[in-house]
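The values are calculated or read from the model by the stated rules, or taken from the named source; none is laboratory data. In this text the structure is predicted, and so the values were computed from the model without any measurement. Here the Cβ positions follow ideal geometry from the backbone for every residue, glycine too, while neighbour counts run over all protein chains shown. These accessible areas exclude ligands, DNA and RNA; they are computed on the full protein's heavy atoms, side chains included. Shrake-Rupley method; radii C 1.70, N 1.55, O 1.52, S 1.80 Å.
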Amino acid sequence: MIAVGACKNNEEINNPEDCIELNVKDIQDSSFEKSEHWNFSDKKICVLFGYGYNEESFVEEMEKKLSFEFGLAQDGGLIFPLVFPKDFKIAGRERISLLSEFLEEYELQGILLLGAPENTHNAVSQLFALYDGKVPFPVFSMFSQDNVLGTEWISDFVLEKMHISDMLSDAEEQTSPLPEDSETLIIQAIKYMALLDSPLPHDSDLIVHVQNIAGSSRTVSYYVDSDSGLRSANHFVFQDKE
């Protein structure tokens, strides 16, 4: 086993007092910088391209980049892409419930949900049932269109983009960034997920992991419900730094 460090304030990972560690699986090379460096993988990361991220041109471009970085499942690589609703139609109906059927045959390294449609949390819950409540892999949800509480329940973390829509009232609005603006975030999330050997716990260090995934060009903060004033344990928003 090796350890991956996550440091607060994006500092260098060389001061153990400022860092946290997670056990991660052994890999020959933790960097997939070039296509010739990706290894055949028995485990798969499912990337679900949902609302806002399912345009054919964007999916094709992302699949090329993911193939280069990690390899696609069809080639023996890490990434198993699915597109909603294109891959989820039966007799003309769109059924996100098919997600568990698509994934139950795979040994999963994780699931990355992008713009998850309504009832995705139910489909993931069905998959969880196969593991008797002890899910061995992480689930990251970004820019979800699904029920908020349901998404929080099935995810290690939920991440959205936030901007100040009214500077006078400080009203917060969660939005989805343009797909092309999310490419680096998607790739970084997959790199992070590929190193984990278990889900990320919902503890005080979770925001540190999410900030490291978001990168130094974004500032991550907790999502606070505008009605109740309650802060979520695993729901975050980010702003791009100017």
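Numbers below:
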item	result
Output for region 133-185, where each listed residue is among the polar types (S, T, N, Q), modelled with pLDDT of 95 or more and part of a strand (DSSP E or B)	Ser141
Answer residue from region 109-157, given it is among the small types (Gly, Ala, Ser) and buried (at least 21 other Cβ atoms within 10 Å of the Cβ) and is nearest to the chain's Cα centre (by Cα) among those	Ser141
Neighbours by Cβ (under 6 Å, 6+ apart or cross-chain): first from region 128-143, within 13 Å of Ile154 (Cα to Cα); second among the small types (Gly, Ala, Ser) and outside any loop (DSSP other than H, G, I, E, B)	Phe137/Gly110; Pro138/Gly110; Phe140/Ala189
Test: residue in region 152-166 that is of a type in the set (Val, Ile, Thr), closer than 21 Å to Ser182 by Cα and touching a residue at least 24 places away in the same chain (Cβ under 8 Å)	yes
Pair list, Cβ < 6 Å and 6+ apart or interchain, from region 215-229 residues that are in contact (Cβ under 8 Å) with a residue 24 or more places away in the chain to residues that are loosely packed, with under 10 Cβ neighbours inside 10 Å	Ser217/Lys241
Cβ-Cβ under 7 Å pairs, at least 6 apart or on other chains, region 189-200 side farther than 19 Å from Ile154 by Cβ, far side β-branched (Val, Ile, Thr) and modelled with pLDDT of 95 or more	Ala194/Ile45
Residues of region 208-242 classified as within 17 Å of the chain's Cα centre (by Cα), hydrophobic (A, V, I, L, M, F, W, C) and part of a strand (DSSP E or B), total	5
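Each row is one residue, and each column tells you yes or no for (1) more than 20 Å from Ile213 (Cα to Cα); (2) among the hydroxyl-bearing types (Ser, Thr, Tyr); (3) at pLDDT below 95; (4) open to solvent by 30 Å² or more (accessible area, probe 1.4 Å).
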position	(1), (2), (3), (4)
Pro16	no, no, yes, yes
Leu48	no, no, no, no
Val59	yes, no, no, no
Lys64	yes, no, no, yes
